Amino acid sequence: MTDRAPGGAGLGGRIDRRALVERHHVVLRRADVRSPLSVGNGELCFTADITGLQTFPEQYPVMSRDGTPAGTLLGTQAQWGWHSAPGGGRHDLEETLVGYDSPGRSEPVPYVDMTGTIGENGDQTDSAAEVWLRANPHRLDLGRIGLELLDPSGRPEPLELSELTGVRQELDLWRGVLRSRFTVRGDVVEVETACHPDRDVVAFRIESAALREGRLAVRIAFSYGAQRWHDSADWTRPEAHRTTVRRRDAGWQVARELDATAYEVDIVGDPGLALDQIGDHELRLTSSSPWMELMVGFAGTAIPDLPTSVVAGSRVPPAERMAAAPSGTDSTSPGAPLSFDDVRAAAAGHWPGFWSTGGVVDFTGSTDERAHELERRVVLSQYLTAVNGAGSLPPQETGLVCNSWFGKFHLEMTWWHVAHFALWNRPGLLEGTLRWYLRTAEAGRETAKRQGYTGVRWPKMVGPDGRESPSPIGPFLIWQQPHPIYLAELLYRAAPSSRVLDEFAGMVFETAEFMAGFATPTSRGFELGPPVIPAQESYGSMRARASNPTFELAYWQWGLETAQRWRERLGLEPDPHWTTVARGLVRPHVRDGVYTAIDVEPYTIRTDHPSMLCGLGFLPQTPLIEAETMRATLRDVLDEWDWDSTWGWDYPVLAMCAARLSEPELAVTALTMEVGKNTFLPSGHNRQTESLPLYLPGNGGLLAAVALMAAGWDGTPDRHAPGFPNDGRWTVRHEGLVPSP
């Protein structure tokens with residue numbers, strides 16, 4: 001069914017958004033250790049096991065690449081929560097610079113590479129500078145909050161996950177509350193978990209006769225920061241940090257010190273709550289009644305090595321973050337301490353507003369067997385990206401659930417994390433990330449200047465300070481460079497205003513200035529690289545000779561032309577050099593009738609991302625790309641690619657390419673392919689591997705693709721939901737979506 005109706009929805013009136021969301025509440029009747037559930041607000045996230053707390057961290061492991069546990073999926077993380085180990089003053093990026101020959105340059109261009117040393121067995125050992133600069137700063141686990149069983153003498157008893165029976169856990173998406181119920185050793189336990197939408201406060205209500213009878217308690221433990229790829233918590237160094245507890249009128253304040261990092265944890269509860277410090281970094285909370293209300297608030301008071309302009313701390317001053325605003329006052333005004341009902345009510349007020357505004361897609365009435373699962377993924381992906389990615393920093397690939405790559409974020413993934421916010425008509429959720437680009441632009445200016453360019457060169461793997469990380473891959477990627485232009489353009493399309501132009505035009509122009517300078521004039525035209533690595537990172541070892549990747553050529557052209565439109569909107573003359581470069585870029589290489597990844601041997605390796613397809617799909621039509629050649633490339637990829645080597649955002653790439661080529665059945669097939677990296681867990685997370693158990697670019701990419709397929713794009717075919725099959729099996733209703741460029 002593809003009938004068009006006013007407001008973009010299919011026939012049948014307005015969509016019942018509450019019914020749509022509520023039919024996809026997550027309900028677990030047993031522990032699924034791959035799929036814990038989270039509550040959060042974009043700045044803080046608390047991820048819980050089947051108890052609604054973090055009782056069994058060892059049973060919810062992140063596995064390392066050698067198959068051993070290397071962290072936990074049960075974390076408490078915040079955008080401001082970072083730590084640097086001592087030693088930073090001894091290391092500088094200058095130690096990792098390697099010069100690469102570049103066309104048109106008389107001297108080698110310096111890149112932040114991984115130099116290290118080669119041992120007798122041929123293995124490369126990273127230098128101390130490389131190790132420290134990659135691992136610092138790293139994101140912290142701010143505190144682990146779990147249940148604890150006590151014996152008659154008050155000592156903790158071992159508890160196994162298998163001992164829980166009668167399990168039922170529900171994530172109420174409409175209200176933002178997690179409800180858990182289970183029986184352990186004859187005692188029924190009920191837990192509600194909620195996060196305040198505007199304050200970094202997690203609240204719990206626990207009911208059980210075992211509380212009053214002294215058999216059940218809550219344990220809060222604090223760790224040191226870990227300089228490991230996955231771990232955000234190092235429990236082996238209690239001497240390296242300090243935990244100080246002070247009694248306050250309404251509860252307790254916990255001061256945490258880890259080298260130069262400091263943060264505070266406020267604990268507030270009902271009158272029957274008692275707190276004991278049972279170890280250097282362990283607290284136990286008990287109750288004299290059969291229920292316990294517990295509010296835990298977090299705030300950073302000092303962030304190591306980071307200017308205050310770079311990282312926002314708690315959005316509410318520390319003394320006020322546990323205070324509820326009196327009725328009729330500003331939400332940041334101090335008042336009585338927050339209660340559980342305050343936090344739950346705030347969440348229950350926020351989430352219906354989130355779901356009731358912005359875009360929505362409803363597949364009710366579809367007979368295609370894939371429709372319900374696709375709708376589930378769409379609903380859950382909206383929740384997960386709002387919880388993990390709508391904050392003041394670009395998200396890491398595992399959001400605020402657990403660490404990956406030391407908790408740092410990858411700027412080539414930023415589009416996949418946040419572009420959909422604009423397409424789903426929630427542009428305000430995109431602005432935090434764009435403002436981070438503004439705050440950290442100086443680091444990119446320094447990189448560009450060091451390499452002999454003007455403008456800003458955006459890095460790949462960074463922490464909140466924007467400082468590049470040594471790598472044999474990251475510094476040679478270029479496809480992250482136009483992302484700020486694309487994201488700013490999406491923001492303007494969703495919320496056109498002079499304010500958006502004034503705030504982000506400088507970022508757009510400096511980004512384009514580097515792009516124009518990076519393109520090298522040759523007798524063939526303007527070329528990209530070497531050194532360069534395309535989005536398909538399989539060419540990492542060829543960085544010194546790879547050049548002219550298909551996708552990046554098209555992205556360079558589109559990005560420069562879009563930056564010119566921003567100049568036009570501001571009443572400025574076009575930049576003549578940008579025009580010369582955009583119109584003079586060499587054409588992508590074609591071999592056997594299909595686009596290749598790069599224009600030198602081996603041309604295309606059929607592993608990792610089929611990034612050539614981004615040239616039409618992720619991007620709109622550009623003069624450099626021929627639709628029929630891209631159609632042949634799409635078919636070639638579908639026939640020949642190694643799907644086990646792909647990543648979660650590759651399937652939205654396929655879908656967007658197919659949709660723009662008027663292949664809607666292929667678009668749906670791509671989004672719903674039954675392959676390992678396209679797995680969506682009961683939680684909605686896009687699982688990749690044991691060592692990458694969730695992957696938010698897959699969620700964000702799915703939302704971007706569905707928005708394009710439902711709302712269309714500039715120059716779209718004149719029919720409703722042009723990216724979905726018009727075969728009678730799909731009923732696609734949508735409201736509030738913003739068409740793609």
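A short reminder: the numbers here are calculations on the coordinates, not readings from a lab. In this text, all values refer to a predicted model and were calculated from it rather than measured experimentally. Neighbour counts are summed over all protein chains in view; Cβ atoms, including those assigned to glycine, are modelled from backbone coordinates with ideal geometry.
What three numbers, in Å, describe the spread of the alpha carbons of the chain along their principal axes, ordered from the longest?
Rounded to whole Å, the extents work out to 83, 66, 53 Å.
Given the rule -39500 (n - 2.57) for each run of at least 4 DSSP H residues, summed and divided by the residues of the chain, what is its mean residue ellipticity at 222 nm, to the nearest 500 deg cm²/dmol?
Numbers: 16 runs with 197 residues, N = 741.
Helices in the chain give a 222 nm mean residue ellipticity of -8500 deg cm²/dmol.
Computed FRET efficiency, Cβ-Cβ of V675 and R606, R0 22 Å: what is it to the nearest 0.05? Display every interim value, and only then the final one.
On the way: r = 15 Å, r/R0 = 0.66.
Working from the Cβ atoms, E equals 0.90.
Applying 1/(1 + (r/R0)^6) with R0 = 60 Å to the Cβ-Cβ distance of R719 and R105, what FRET efficiency is obtained, to the nearest 0.05? Let's see the in-between values first.
Values: r = 50 Å, r/R0 = 0.84.
Computed FRET efficiency for R719 and R105 comes out at 0.75.
Assuming 0.36 nm per residue, please report the length gained on full extension of the stretch R29 to I473 beyond their Cα-Cα distance. Working shown, then result.
On the way: separation 444, 0.36 × 444 = 159.84 nm, distance 4.30 nm.
Gain in length upon complete extension: 155.5 nm.
So what's the angle, to the nearest 10 degrees on a 0 to 90 scale, between helix 340-356 and the longest Cα principal axis of the chain?
30
With +1 on each Lys and Arg Cβ and -1 on each Asp and Glu Cβ, how big is the dipole of the range 331-420 about its Cα centre, in debye rounded to the nearest 20? Before the final figure, lay out the partial values.
Values: 5 positive and 9 negative charges, 47 e Å.
Once rounded to the nearest 20, the dipole reads 220 debye.
Assuming R0 = 22 Å, can you tell me the calculated FRET efficiency for the pair A274 and V245, based on Cβ-Cβ distance, to the nearest 0.05? Write down the numbers at each step before the final one.
Values: r = 13 Å, r/R0 = 0.57.
Approximately 0.95, to the nearest 0.05.
Provide the percentage of antiparallel DSSP beta bridges, counting only those with both residues in the chain; round to the nearest 5. Don't jump to the answer; show the numbers that get you there.
Values: 104 of 107 bridges.
Rounded to the nearest five, the antiparallel share is 95 percent.
If each residue's Cβ is checked for other Cβ atoms within 10 Å, how do F526, F618 rank with the fewest at the top? Could the numbers behind the result be given before it?
Details: F526 21, F618 29.
Lowest to highest Cβ neighbour count: F526, F618.
Report the equivalent ellipsoid semi-axes for the range 161-253 in whole Å, largest first, defined as the square roots of five times the eigenvalues of the gyration tensor built from alpha carbon atoms. List each step's numbers first, then the result.
Details: eigenvalues 152, 70, 67 Å².
One finds semi-axes of 28, 19, 18 Å for the range 161-253.
Considering the convex hull of the alpha carbon atoms of the range 240-288, report its projected area averaged over all viewing directions, in nm², one decimal.
Mean projected area for the range 240-288: 3.4 nm², to one decimal.
Contour minus end-to-end for R635 and A255, with contour as 0.36 nm per residue of separation and end-to-end as the Cα-Cα distance?
Extra length from R635 to A255 when fully extended: 131.0 nm.
Which is farthest toward the positive dipole end of the range 674-741 among P722, A705, P693, measuring Cα position about the Cα centre, with Cβ charges +1 (Lys, Arg) and -1 (Asp, Glu)?
P693
Charges only on Cβ, +1 for Lys and Arg, -1 for Asp and Glu: so what's the dipole of the chain about the Cα centre, in debye to the nearest 20? Provide the component values of the computation, followed by the final result.
Values: 69 positive and 95 negative charges, 247 e Å.
Dipole of the chain, to the nearest 20 debye: 1180 debye.
Between A19 and E442, how many nm apart are label points set 7 Å from Cα along the C-beta direction?
5.6
Provide M673, M292, M656 in ascending order of the number of other Cβ atoms located within 10 Å of each residue's Cβ, fewest first. All intermediate terms of the calculation are to be shown ahead of the outcome.
Values: M673 17, M292 25, M656 29.
Placing the least packed residue first, the sequence is M673, M292, M656.
Arrange L171, L570, L692 by Cβ neighbour counts within 10 Å, fewest through most, would you? Numbers along the way, then the final one.
Working: L171 25, L570 13, L692 20.
So the residues, fewest neighbours to most, are L570, L692, L171.
Once the convex hull of the C-alpha atoms of the range 599-741 is built, how many Å³ does it hold per residue, rounded to a whole number?
Working: hull volume 18.1 nm³, N = 143.
It comes to 127 Å³ per residue, whole-number rounded.
Less than 9 Å Cβ to Cβ from I206, Lys/Arg counted +1 and Asp/Glu -1: what total charge do the surrounding residues give? Don't skip to the answer; put the middle values down first.
Values: positive: R205; negative: E190, E192, E207, E293.
It works out to a net charge of -3.
If Lys and Arg each add +1 and Asp and Glu each add -1, what is the summed charge of the other residues whose beta carbon sits under 14 Å from the beta carbon of C614?
Residues near C614 contribute -4 overall.
R185 versus D66, label points 7 Å from Cα toward the beta carbon: distance in nm?
Inter-label distance under the simple model: 3.7 nm.
On C-alpha positions alone, give me the angle between the axis of helix 498-518 and the longest principal axis of the chain, in degrees, nearest 10.
Taking Cα atoms only, the helix is inclined about 60 degrees.
Per the Cauchy relation, a quarter of the hull surface: what is the mean projected area of the convex hull of the alpha carbons in the range 222-268, in nm²? Numbers along the way, then the final one.
On the way: hull surface 14.8 nm².
Mean shadow area of the hull around the Cα atoms is 3.7 nm².
Quick check: net charge around T646, other residues with Cβ under 11 Å of its Cβ, Lys/Arg +1 and Asp/Glu -1? If you can, show how the numbers build up before the last one.
Values: positive: R606, K677; negative: D608, D642, D644, D650.
Net charge around T646: -2.
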